[in-house]
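This report refers to the structure that appears directly beneath it.
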Amino acid sequence: MGLENINGNTYIYKGSPSTLFYKNEDELYIVDPGQGSKRPKELKSIVNRLNPKKTIAFITHYHSDHISVLGEGFSTNEIAVSDIDAPALKDPKLRALLTFGYLLNQDDSILPFKAKSVTPTILISNQENFGPLKLVPLPGHTQGQIGIITPNAVLYAGDSLFGDKVLSKYGIPYHQYPCKSVESLNTIMNLLPKIETLVPSHGPIVKSSEALQLVESNIKKITEVEEELKNILNEPLSLSSITNKLTSKYKSEEPEVGIYLLAENTIRGYLACLREEGLIEPVNYSEIKWKLIKR
């Protein structure tokens, strides 16, 4: 697997996640360096080939699979991330708490992805541009997730949406705040006429003319899970019961504990969204149960 040119000075190194490169004169922007034991060496080879004077890692969000190589032999001159996601980038325990809902050591065997502490040097806050890159706030998967658009009309969307195989494989797509994710998907939909290529972190690259179906598939899956959640909350249910029912309906092909925890934390996000809309309320039956009060 090697470097592929998308358009102009925009390149992709495919993987899960894929890593985007944009060469701007003597600067090289590296979006989501990713994970994998071979990737540090391969990224170094790419950097040598493109031969910049300065490298800047741009992190779309703090999840370990997007950053782990930065603590495993690959380094850059600068590391940029949103100010919202920065604390979790630096603190692995906070990262695990926000991602999985439990304060776990980064080396815990149940975590499917692990990464060491990464200290950002540049914090992004309410900016429309970062150097030559246009920034697109895409909250939902994490609160501070940011997508980027290169001058070659390529949108790297992070984990705001997933390829069809990923949607199918994991059953319930992970989003910290699913309602915000739908808003971000609508943002992407509105951007499609202005871009030429859409790059999900996990999934195939698609031309903008073909991207509408992918965006709609992601919205459909998020809203479908929400409707099913509303249906089962006609009777009060605890978080564990809700998770059991939904994961039984939307089965993951990888039923490890860590994947279950991701689903459970996504369901917490759904409950937060529905609570903010005034659609559910907690009921105390010696344990907190949730019940739908209106649609």
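The values are calculated or read from the model by the stated rules, or taken from the named source; none is laboratory data. Model, not experiment: these values are computed from the prediction. Please note: Cβ atoms are built from the backbone with ideal geometry, for glycine as well, and neighbour counts cover all protein chains shown. Heads up: the accessible areas ignore ligands, DNA and RNA and are worked out on the full protein's heavy atoms, side chains in. Shrake-Rupley method; radii C 1.70, N 1.55, O 1.52, S 1.80 Å.
Please compute the contact order of the chain in relative form: average sequence separation of alpha-carbon pairs under 8 Å and at least six residues apart, divided by the residue count, as a percent. Spell out each step's value before the answer.
Working: 577 pairs, mean separation 40.8, N = 295.
Over the chain, the number comes to 14 percent.
Just want to confirm a number: the relative contact order over region 144-247, from Cα pairs under 8 angstrom separated by 6+ residues, in percent. Present the calculation step by step, with values, prior to reporting the outcome.
Values: 111 pairs, mean separation 31.1, N = 104.
Computed over region 144-247, the figure is 30 percent.
So how long is each side of the chain along the principal axes, counting just the alpha-carbon atoms, biggest first, in Å?
On the principal axes, the chain reaches 63, 42, 35 Å in Cα extent.
Counting Lys and Arg as +1 and Asp and Glu as -1, each charge on the Cβ, what is the dipole of region 1-157 about the Cα centre in debye, to the nearest 20? Kindly include the intermediate steps, with their values, before the conclusion.
Working: 15 positive and 15 negative charges, 75 e Å.
With only Lys, Arg, Asp and Glu charged at Cβ, the dipole is about 360 debye.
Do any GluC sites (Glu not before Pro) in region 8-69 lie in a DSSP loop with no more than 11 other beta carbon atoms within 10 Å, and if so, which? Don't skip to the answer; put the middle values down first.
Working: sites: Glu25, Glu27, Glu42; in loops: Glu25.
Answer by residue number: Glu25.
List the relative contact order of region 109-163 as a percent without decimals, with contacts defined as Cα pairs under 8 Å and 6+ residues apart.
Contact order relative to length: 22 percent.
Per DSSP helix of 4 or more residues, -39500 (n - 2.57); summed, then divided by the residues of the chain. What does that give at 222 nm, rounded to the nearest 500? All intermediate terms of the calculation are to be shown ahead of the outcome.
Numbers: 8 runs with 103 residues, N = 295.
The helix-only estimate for the chain comes to -11000 deg cm²/dmol at 222 nm.
Counting only protein heavy atoms, what percent of the accessible surface of region 168-295 is carbon or sulfur at a 1.4 Å probe? Could you put the intermediate results ahead of the total?
Values: 3050 of 6260 Å².
Reported share for carbon and sulfur atoms: 49 percent.
Could you give the length gained by full extension between Leu123 and Asp26, i.e. 0.36 nm per residue of separation minus their alpha carbon distance, to one decimal place?
Values: separation 97, 0.36 × 97 = 34.92 nm, distance 2.17 nm.
That works out to 32.7 nm of additional length.
From the residues Leu50, His61, Ser16, which one has its Cα farthest along the dipole of region 1-120 in the positive direction, the dipole being from +1 and -1 charges on Cβ of Lys/Arg and Asp/Glu about the Cα centre?
Result: Leu50.
Using a simple charge model, +1 on the beta-carbon of Lys and Arg, -1 on the beta-carbon of Asp and Glu, nothing else, what dipole does region 173-243 show about its Cα centre, in debye to the nearest 20?
Numbers: 6 positive and 9 negative charges, 47 e Å.
Dipole size: approximately 220 debye.
Given charges of +1 on the Cβ of Lys and Arg and -1 on the Cβ of Asp and Glu, with all other atoms neutral, how large is the dipole of the chain about its Cα centre, in debye to the nearest 20? Present the calculation step by step, with values, prior to reporting the outcome.
Numbers: 32 positive and 34 negative charges, 53 e Å.
Around 260 debye, computed over the chain.
Need one word for region 230-295: rounded, prolate or oblate. Basis is the Cα gyration tensor (sqrt eigenvalues a ≥ b ≥ c); a/c below 1.5 gives rounded, then a/b vs b/c decides. Can you show the working numbers first?
Details: a/c = 2.03, a/b = 1.80, b/c = 1.13.
It is prolate, given that a/c is not under 1.5 and a/b is the larger ratio.
Return the loop-located trypsin sites (Lys or Arg not before Pro) in region 253-294 (DSSP other than H, G, I, E, B) with at most 11 other Cβ atoms within 10 Å of their own Cβ; answer none if there are none. Each step should come with its number before you reach the end.
Details: sites: Arg268, Arg275, Lys289, Lys291, Lys294; in loops: Lys294.
Here the sparse-neighbourhood loop sites are Lys294.
Suppose all protein chains stay in the model; what accessible area per residue would a 1.4 Å probe give for region 66-176, in Å²?
Numbers: 4510 Å² over 111 residues.
So region 66-176 comes to 41 Å² accessible per residue, rounded to a whole number.
Give the calculated FRET efficiency between Glu78 and Lys41 to the nearest 0.05, with a Förster radius of 30 Å applied to their Cβ-Cβ distance. Intermediate values should be presented prior to the final figure.
Numbers: r = 21 Å, r/R0 = 0.71.
That pair, Glu78 with Lys41, gives E of 0.90.
Note the angle between two axes, namely the Cα long axis of helix 178-191 and the longest principal axis of the Cα atoms of the chain, as a number of degrees from 0 to 90, rounded to the nearest 10.
Compared with the principal axis, the helix lies near 40 degrees.
Within region 11-103, report the trypsin sites (Lys or Arg not before Pro) that DSSP leaves as loop and that have at most 11 other Cβ atoms within 10 Å. Show your work: numbers first, answer last.
Numbers: sites: Lys14, Lys23, Lys38, Lys41, Lys44, Arg49, Lys53, Lys54, Lys90, Lys93, Arg95; in loops: Lys14, Lys38, Lys53.
Sparse-neighbourhood loop trypsin sites (Lys or Arg not before Pro): Lys38, Lys53.
How big is region 121-196 by the Kirkwood estimate over distinct Cα pairs, in Å?
Evaluated over region 121-196, this radius sits at 13.2 Å.
Find the percent of Cα-Cα distances in region 28-118 that exceed 19 Å, and round it to a whole number.
On the way: 1511 of 4095 pairs.
Of the Cα pairs, 37 percent sit more than 19 Å apart.
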